[in-house]
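Notes for the one structure printed next.
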Amino acid sequence: MVGGEFLAFLLLVAVIVFAAFYKEKSLSDPSNTETIYSEQMVDVQSIRAGPVDVTLFRQSGNVYRELGVFGTVDEALDEIMKSFRRAKIDSVCVLQNTSTCFEIIRLHHNHRGSQEGKKLGGALVVTLET
């Protein structure tokens, strides 16, 4: 049985290495708009003009901080990028990009110690009805 467990461990390591390599490769592709650097959020987003509500959430999915309402999308994204820089999040995955919603999460999940799940994990920008 020890040989089977070792083989399963090697398979798991191979899958993890492949996933990390795939993420990094898609990050360097300029035509890919799903895996981007944080600074590219302004260029990629397709939210319509007008006031937006912004919420930051944790890696666990719970609310991290409610940033509130911003007059423009650019103001909101500037504030999100400030928070991401503080949390040292340099690359994100775009989950939703519509005219009413822009949702992003950190590309690499932090699995360290007792703070796992409590760190900043992503942001949600939603347009407000006018």
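Only the coordinates and a few stated rules stand behind these numbers; no lab work does. Computed from a predicted model, the values in this text were never measured in an experiment.
Numbers for the structure displayed
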{"item": "Under the Karplus curve 6.51 cos²θ - 1.76 cosθ + 1.60, θ = phi - 60°, whole-Hz ³J(HN,Hα) for the range 49-57, x wherever Gly or Pro sits", "result": "5, x, x, 10, 10, 10, 10, 9, 10"}
{"item": "Amide H contacts of LEU95 (H built 1.01 Å from N, under 5 Å, at least 5 apart or other chain)", "result": "GLU103, ILE104, ILE105"}
{"item": "Built amide H within the under 5 Å cut-off of LEU67, gap 5+", "result": "VAL54, THR55, LEU56"}
